[in-house]
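Asks: One structure, as structure tokens, below. Some questions next.
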Amino acid sequence: MTIAVERLDELVTALRTVLRDEQILTSKPDRYNRARVPAPFPVHRWSERLPDLAVLPTSTEEVAGVVRIANDLRVPVVPRDGGTGLTDGAVPLRGGIVVDVKRMNAIKELDLANRTVTVGTGINMLKLNEQLARHGLFYPDDPASYPCSLVGGRIGTSGWSLIGSRYGHTRDLVLSFDHVLPTGEVMHVGDGVGHKVSKSSSGYQLKHLFMGHQGTLGIATAATLKLFPKPEAELSPFWAFDNYDDAYACVGALARAGAATFAGAVLFDEWKVAYLRRDDEAYIPQPGDVRALVCAVMYGYEDEVRPAGKRLFRIAKEHGARYLGDEISQGDWAARHDRYATPLHGRTKAGQVVPMSWHCEDAAINYTDLPSVTKSWHEIVADLRRRTDVFDDWGMFAYTSGSTGVDYLTEIDVGIWEQQLDDRAWEMWVKAKRDLAAVALAHHGSISACHGSCREGEVDLVPDELGRGFDVMLDIKRALDPNNIMNPGKYLLDRAYEAGTRS
Amino acid sequence: MTQLDGPGASDPVSVPFTPGMRDNPEELAAIPDEIVRAHVLPPGPTRSQEFSEQWRNAAYSCFSSGHKFCREVCPVTQVTRNESWTPTAFHANVVAMDKGEMTIEEIAADYVNCTQCGACELRCPNTLFTGDFYRFRTRTVDVVKAVRAFAVESGVHQPAWQSWNERTDERSHEPVLGQTAVSQEHVRDWSDGLDLPIGGETVLFVDCEAAFYRTSVPRAVAQILQLAGYEFGLMGNQWCCGGPAAEMGYVDQAKRFAQHNLDDWRSTGTKRLLVLDPHDYISFTEDYPKYFGADFDIEVVLVVELFAELIREGKLTPRVPVERAITYHDPCRLNKRKGIWKEPREILRSIPGLDFKDVDRVTQWSYCSGGGGGLPVEKPELTAAISASRLENAARLDVDTLVSACPWSERPLGEAGEAADIDVVDIHEMLAESLGIEVGGSRGGSEGSGARGGDRS
Ligand SMILES: Cc1cc2nc3c(=O)[nH]c(=O)nc-3n(C[C@H](O)[C@H](O)[C@H](O)COP(=O)(O)OP(=O)(O)OC[C@H]3O[C@@H](n4cnc5c(N)ncnc54)[C@H](O)[C@@H]3O)c2cc1C
Ligand code: SF4
């Protein structure tokens, strides 16, 4: 896939007109380390996904310069920020240039009166919040990848925040941003055009279009974000249930209660509890009669969280919940970002501990469809598992997506023993992903709701999900990126350039 | 509604189970596998593959997570934002070698970019949650050391490290003063006028930086010990501990130096070693036991811990008020690598007059001086940037003094402190001051400044 040496020289020479030498990385480790994300990938075919080079720009102008050159020379461009995306979004499929924006991590302006902050998109939310804490503020975009994903990647994936039921998700929290289009032109996009405006109805609502596109429509370079008072109180009770049905009923009731401080609720199913039980001794004890768990989270002032908490405790009790106590509740919530992806939870059916990658498939599913989707998804993974120990079932979560509990981000976690991956195992996996997505669609869900659905497997069903909308995507892609340089190969958008497509 | 309904219920794979539990149905283990094979080295493995064989599980364990929770605490990543120089990249490269994709020649230079502070290991969920339970912590520092050693063994050298170690070999001490000679003849110069005996059951080991550059530190330590009536001597013929050589991959040299020192202790009947430098503390508590096994029967005492104990026992009582607004810099090798963070605070809290603005030890996981792991020798500009960022954090607390407990951190921190108008003081010096001791000696500064980074040819 890589470009010929002479062209590479030409490219580097051109890039030197906008970047310093030390910002242009061509070595093998530089390329290999920007060719993967945490999602398992066919590691035996690593070399097929390398960029030709990576660049480390420090300003919007530099990014625009790079994209302009790439567009002139018809070289693919892949934006990369934290590199924690789970859909291979930041992994190049056609070589080209990885534009790594991590160096654009400055806090440019903190506007205390309007409660906004403007940052370079290479900044991490945890790091940003360390600075904001001094002003009693915080930026509540809180994915489980909070310590490692960065603002640009959040825009690129239009990610989903664990506490979004109270504060909104990335799309609500990012007010506006500077964006480099696939031709290298720079625009500012928000609701309307305002920099710090949260609502506007002039023109089309473009902000959404330039979020969640997985780097196929350009690169966000600086973003203005909404800020909130750093919550004075946090209540995060974990409740145990002796069966899934009660837990499921409980989580719905908690979300429907409409308490103003309610920031989110999570339902852990029986497989997830079995998975957590693997490190009983290492971490928290999960007695045998615990079959499902529910957690709710409230944020706000002490005097609003307390009464709301009482209400939720009452609801939980009515549904047969057993409170796990303050220590477990607080500890488990504090650890929510870290409990993912501990590879040594991986085990063969016989119990041998092996390093496995964490992989999650997810979809937004209506509350009423959760049990059925949960069941079908486990069956798909059981099928894999029956055939080989390369795959392990790490259970399922469902999180509220919105404050009313209409839908849930439903996620199945699958352990994959990457050391054992070969073409056959990879095929099995890709097929399973397609099957998982098909189940979601059959339930009128949206596949891969927060992580994007542009990767091998589920991407095949995107046209089915979007219908006529997918053709609109192709039209937009062709119009904005006439030479198909932005992250080509993703989202089946190559179809926009195939002969016979509508023009 | 219920998940367990349906035809799958009789199939053991269809129901939730915890692999490895004794009461699991036996059929689980007996299901034939279509894919999984025992791992075998490829025929005629490359040297890189032979190397990666030892580290493949450890490396895959990180590669498999790959989430990079470690990244924002990594001091090098913080200042370079270069994904090739993150803790996880150090593991991923090993996986690439395992797959036959890369060679040691291609990756060696990247491994310069690590201060071996250990923050990544602490921040790693593998270590935090289950590492100890499975006896499988993420050991990025060890991986970095091993790759550096493999590079040297393969004849791949970093120029400044190579000459640094050659000169260390020539002089038996690190060339911390650049062209100004440091050597056996000068190893005890710092103690002029203190009248210290040689040898004995307890000896004070003084690292090269303190012995030749920041001599106020060992002077403070020695005088405090004298004040407390604690008996000790100096080594007869002290060589560099070998730790820096081990950190840069020059393992044979490190071992040779260690052997020399051990022989010297034997010859003077030494049973106990007082150590003031955290880097030496790592050498003596981790490297030496690895080299010599049970033969290494010397007790190692960290001076900071000893002083805290002497204060607790009333054998030392700081009285002279030190009127400064301070914060404390947790040296990486104490806080992150060894879990020693209470005692230095105990000492500081016992000093009257101090306005101590503490930063908790966990927050300090993401702080580093940049002075470790050989980084200042190869990449002084990175060390300077890391120190500057540490001082920025100190400046936010509105202090006039940053206290450290590690001589190797004090040169870069001191230089960055000049720009931020913050004085960098060693904890032992500060304690001595409060005990009314006139320390003397040099705190580095103009006479030696820049020599470490400046003379690297
Ligand atoms: C342990 C773990 C837990 C996770 N939990 C969650 C979760 O709870 N919620 C959630 O939403 N996600 C979660 N994720 C997925 C991931 O963190 C998110 O997708 C995140 O938004 C990716 O951010 P990043 O900075 O790492 O982006 P990257 O991986 O670098 O990029 C992601 C995508 O955005 C594009 N992109 C990157 N930068 C830009 C830019 N400046 N402009 C335009 N496009 C860009 C890339 O091309 C790519 O397609 C999790 C991941 C991990 C590893
Ligand atoms: S070192 Fe630990 S924290 Fe860092 S990427 Fe690897 S597993 Fe994650």
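Asks: Name every residue in the range B:77-100 that is more than 16 Å from ligand 1 (Cβ to nearest atom) and free of Cβ contacts under 8 Å to residues at least 40 places away in the same chain, in order of residue number.
Replies: B:W85, B:A96, B:K99
Asks: Which condition breaks for A:A39 when tested against (1) aliphatic (A, V, I, L, M); (2) crowded, with 24+ Cβ neighbours inside 10 Å; (3) touching a His at 6+ places or on another chain (Cβ under 7 Å)?
Replies: (2)
Asks: When you check B:T103 against the structure, is it more than 16 Å from ligand 1 (Cβ to nearest atom), more than 11 Å from chain A (Cβ to nearest Cβ), of a type in the set (S, T, N, Q) and touching a residue at least 24 places away in the same chain (Cβ under 8 Å), yes or no?
Replies: In short, no.
Asks: Quick one: A:E427 ticks every box in (1) modelled with pLDDT of 95 or more; (2) under 30 Å from A:R386 (Cα atoms); (3) open to solvent by less than 40 Å² (accessible area, probe 1.4 Å); (4) out of contact with any Asp or Glu (no Cβ under 7 Å at 6 or more places or on another chain) except a single one, so which number is it?
Replies: (3) is the only condition that A:E427 fails.
Asks: Follow-up question, since we're still on this one. Can you pull out every residue in the range A:324-357 that is open to solvent by 20 Å² or more (accessible area, probe 1.4 Å), assigned to a loop (DSSP other than H, G, I, E, B), away from ligand 2 (no atom under 14 Å from the Cβ) and in contact (Cβ under 8 Å) with a residue 60 or more places away in the chain?
Replies: Once the filter is applied, which keeps residues that are open to solvent by 20 Å² or more (accessible area, probe 1.4 Å), assigned to a loop (DSSP other than H, G, I, E, B), away from ligand 2 (no atom under 14 Å from the Cβ) and in contact (Cβ under 8 Å) with a residue 60 or more places away in the chain, the range A:324-357 yields A:L324, A:R336.
Asks: Here's a follow-up. Out of everything in the range A:144-158 that is surrounded by fewer than 24 Cβ atoms within 10 Å (Cβ to Cβ) and within 11 Å of the chain's Cα centre (by Cα), what residue ends up being nearest to ligand 1 (Cβ to nearest atom)?
Replies: Per the stated criteria, the residue is A:A144.
Asks: Out of the residues in the range A:376-392 meeting the condition of being at the interface with chain B (Cβ under 8 Å from one of its Cβ atoms) and assigned to a helix (DSSP H, G or I), tell me which one is surrounded by the most Cβ atoms within 10 Å (Cβ to Cβ).
Replies: Among those residues, the one meeting the criterion is A:H378.
Asks: Right, next: Does A:V67 satisfy being within 9 Å of ligand 1 (Cβ to nearest atom) and more than 14 Å from chain B (Cβ to nearest Cβ)?
Replies: Answer is no for this residue.
Asks: Here's something else I'd like to know. Might you let me know whether the range B:366-378 holds any residue that is in contact (Cβ under 8 Å) with a residue 12 or more places away in the chain, closer than 20 Å to B:C114 by Cα and open to solvent by 40 Å² or more (accessible area, probe 1.4 Å)?
Replies: There is no residue in the range B:366-378 that is in contact (Cβ under 8 Å) with a residue 12 or more places away in the chain, closer than 20 Å to B:C114 by Cα and open to solvent by 40 Å² or more (accessible area, probe 1.4 Å).
Asks: Can you list the helices (runs of 4 or more DSSP H) lying wholly within the range B:87-163 that have 1 or more residues being closer than 15 Å to B:Y60 by Cβ and in contact with a Pro (Cβ under 7 Å, 6 or more places away or on another chain)?
Replies: Because the criterion is at least 1 residues that are closer than 15 Å to B:Y60 by Cβ and in contact with a Pro (Cβ under 7 Å, 6 or more places away or on another chain), the helices (runs of 4 or more DSSP H) in the range B:87-163 that meet it are B:87-98, B:140-153.
Asks: Filter the range A:9-23 for residues that are of a type outside the set (A, V, I, L, M, F, W, C) and either at the interface with chain B (Cβ under 10 Å from one of its Cβ atoms) or open to solvent by less than 40 Å² (accessible area, probe 1.4 Å) (or both) and give the result.
Replies: Selection gives A:E22, A:Q23.
Asks: OK, next. For the range B:181-233, enumerate the residues that are open to solvent by 30 Å² or more (accessible area, probe 1.4 Å), part of a strand (DSSP E or B) and closer than 14 Å to B:L306 by Cα.
Replies: none
Asks: A further question follows. Which one is nearest to A:D72 (Cα to Cα) among residues in the range A:24-44 that are more than 10 Å from chain B (Cβ to nearest Cβ) and without any contact (Cβ under 8 Å) to a residue 40 or more places away in the chain?
Replies: So the residue we want is A:I24.
Asks: When you go through B:R22, B:R47, B:R37, B:R56 one by one, which is the residue that is open to solvent by less than 40 Å² (accessible area, probe 1.4 Å) and not hydroxyl-bearing (S, T, Y)?
Replies: B:R56
Asks: So, in the range B:25-34, exactly how many residues are within 7 Å of another protein chain (Cβ to nearest Cβ) and either open to solvent by 60 Å² or more (accessible area, probe 1.4 Å) or closer than 16 Å to B:S14 by Cβ (or both)?
Replies: Residues that pass the stated criteria total 4.
Asks: Any idea which residue in the range A:106-127 is farthest from the other protein chains (Cβ to nearest Cβ), counting only those that are open to solvent by less than 10 Å² (accessible area, probe 1.4 Å) and in a strand (DSSP E or B)?
Replies: Per the stated criteria, the residue is A:T116.
Asks: Can you go through A:T410, A:T388 and tell me which one is farther than 20 Å from A:V43 by Cα, β-branched (V, I, T) and free of Cβ contacts under 8 Å to residues at least 60 places away in the same chain?
Replies: A:T410
Asks: Of the residues A:V193, A:V186, only one is away from ligand 2 (no atom under 16 Å from the Cβ) and at pLDDT 95 or above; which?
Replies: A:V186
Asks: If I filter the range B:60-67 for residues that are open to solvent by less than 40 Å² (accessible area, probe 1.4 Å), within 16 Å of ligand 2 (Cβ to nearest atom) and either of a type in the set (A, V, I, L, M) or in a loop (DSSP other than H, G, I, E, B) (or both), do I get at least one hit?
Replies: yes
Asks: Has the range A:77-88 got any residue that is more than 10 Å from chain B (Cβ to nearest Cβ), modelled with pLDDT under 95 and open to solvent by 10 Å² or more (accessible area, probe 1.4 Å)?
Replies: yes
Asks: A further question on this structure: Only one of (1) away from chain B (no Cβ under 14 Å); (2) more than 15 Å from ligand 1 (Cβ to nearest atom) fails for A:E456. Which number is that?
Replies: Checking A:E456 against (1) away from chain B (no Cβ under 14 Å); (2) more than 15 Å from ligand 1 (Cβ to nearest atom), the one that fails is (2).
Asks: If you don't mind, another one. If you take just the strands (runs of 3 or more DSSP E) that sit entirely in the range A:48-105, which of them hold at least 1 residues that are more than 24 Å from A:V459 (Cβ to Cβ) and touching a residue at least 12 places away in the same chain (Cβ under 8 Å)?
Replies: Strands (runs of 3 or more DSSP E) meeting the threshold: A:53-55.
Asks: Is it true that some residue in the range A:393-405 is without any contact (Cβ under 8 Å) to a residue 60 or more places away in the chain, assigned to a strand (DSSP E or B) and open to solvent by less than 10 Å² (accessible area, probe 1.4 Å)?
Replies: No: the range A:393-405 contains no residue that is without any contact (Cβ under 8 Å) to a residue 60 or more places away in the chain, assigned to a strand (DSSP E or B) and open to solvent by less than 10 Å² (accessible area, probe 1.4 Å).
Asks: Just the residues that are more than 21 Å from the chain's Cα centre (by Cα) and within 15 Å of A:S27 (Cβ to Cβ), please, taken from the range B:85-95.
Replies: Of everything in the range B:85-95, those that are more than 21 Å from the chain's Cα centre (by Cα) and within 15 Å of A:S27 (Cβ to Cβ) turn out to be B:A92, B:N93.
Asks: Take the residues in the range B:70-87 that are within 9 Å of ligand 2 (Cβ to nearest atom) and open to solvent by less than 10 Å² (accessible area, probe 1.4 Å); name whichever of them is nearest to the other protein chains (Cβ to nearest Cβ).
Replies: B:R71
Asks: Taking B:Q162 as the residue in question, decide whether it is open to solvent by 10 Å² or more (accessible area, probe 1.4 Å), more than 15 Å from ligand 1 (Cβ to nearest atom), more than 20 Å from A:D30 (Cβ to Cβ) and over 16 Å from the mean Cα position of the chain (by Cα).
Replies: It is true that B:Q162 is open to solvent by 10 Å² or more (accessible area, probe 1.4 Å), more than 15 Å from ligand 1 (Cβ to nearest atom), more than 20 Å from A:D30 (Cβ to Cβ) and over 16 Å from the mean Cα position of the chain (by Cα).
Asks: Given (1) more than 22 Å from B:N261 (Cα to Cα); (2) over 21 Å from the mean Cα position of the chain (by Cα), where does B:E185 come up short, assuming only one miss?
Replies: (1) is the only condition that B:E185 fails.
Asks: Is it the case that A:L93 is away from every other protein chain (no Cβ under 12 Å) and over 23 Å from the mean Cα position of the chain (by Cα)?
Replies: no
The values are calculated or read from the model by the stated rules, or taken from the named source; none is laboratory data. All values reported here derive from a predicted model rather than from experimental measurement. Note that each Cβ is placed from the backbone with ideal geometry, even for glycine, and that neighbours are counted across all protein chains shown. The accessibility values were calculated without ligands, DNA or RNA, using every heavy atom of the protein model including side chains. Shrake-Rupley method; radii C 1.70, N 1.55, O 1.52, S 1.80 Å.
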